[in-house]
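Take a look at the structure below.
The values are calculated or read from the model by the stated rules, or taken from the named source; none is laboratory data. Nothing here was measured: the structure is a model prediction, and the numbers come from that model. Virtual Cβ from ideal backbone geometry, glycine too; neighbours counted across all protein chains shown.
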Amino acid sequence: MRSGVQEIDIGQVVRQSGIAASTLRYDETRGLVQPIGRNGLRRVYATSVLQRLSLIALGRAAGFSLEEIGSMLGDGAMPGIDRPQLLRKADPLERRITRLQALRDGLRHAAGCRHADHLQCPTFQRLMRAALRRQRRRGDDRGRTSP
């Protein structure tokens with residue numbers, strides 16, 4: 001134990017976090033985590049690295065870039081989480097959730113639709129029109145932009 005800091009080696013970090021050693025080393029090269037030393041050839045980390053890795057995983061799941069995550073984590077023990085930035089990330093997620101829920105509901109309707117021909121179903125036709133509108137807005141016509 002270095003100066004009262006509880007430590008774990010890279011193998012323990014991998015087992016406890018479920019993160020691959022290569023990911024841990026990559027995060028280290030990006031400055032997101034830092035070992036506190038070595039025990040022979042093995043990197044040694046403060047046990048607080050597990051909490052930091054959890055914050056990194058949460059940031060990645062929310063769609064933050066590694067640069068954004070790094071700026072919120074900072075160099076110190078306490079992260080400086082930017083609350084307005086969290087809200088800015090939450091708004092597009094909310095819109096995506098709404099679209100995905102509508103798509104899920106449409107697919108469920110189509111799976112149990114009483115019409116023999118889905119193209120005759122008004123609900124299925126609305127689902128198709130909505131999908132086409134989203135595609136046009138994104139300019140995503142299989143890699144080509146809409147005219």
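Whenever a residue of region 7-32 is closer than 17 Å to Leu73 by Cβ, its partners that are acidic (Asp, Glu) and surrounded by 14 or more Cβ atoms within 10 Å (Cβ to Cβ), lying with C-beta atoms within less than 9 angstrom and at least six residues away or across chains, give the pairs Ile19/Asp27.
Is there any pair with a first residue in region 115-138 that is over 13 Å from Arg99 (Cα atoms) and a second that is polar (S, T, N, Q) whose Cβ atoms are under 6 Å apart and which are 6 or more apart or on different chains, and what are they? Correct list of pairs: Arg136/Ser146.
Considering (1) in a helix (DSSP H, G or I); (2) outside the structural domain of Ala131 (by TED's automatic domain parsing), the lone condition that Asp91 does not fulfil carries the number (2).
Evaluation of Met78 against the conditions (1) in contact (Cβ under 8 Å) with a residue 12 or more places away in the chain; (2) closer than 30 Å to Val5 by Cβ shows that the sole unmet condition is (1). Scanning region 1-38 for residues that are more than 20 Å from Ile69 (Cβ to Cβ) and in a loop (DSSP other than H, G, I, E, B) turns up Met1, Ser3, Gly4, Gln6, Ile36.
When the residues of region 72-88 are filtered to those that are touching a helix residue (DSSP H, G or I) at 6+ places or on another chain (Cβ under 8 Å) and part of a helix (DSSP H, G or I), the one that is surrounded by the fewest Cβ atoms within 10 Å (Cβ to Cβ) is Gln85.
Of all residues assigned to region 39-62, at least one qualifies as being within 16 Å of the chain's Cα centre (by Cα) and assigned to a loop (DSSP other than H, G, I, E, B).
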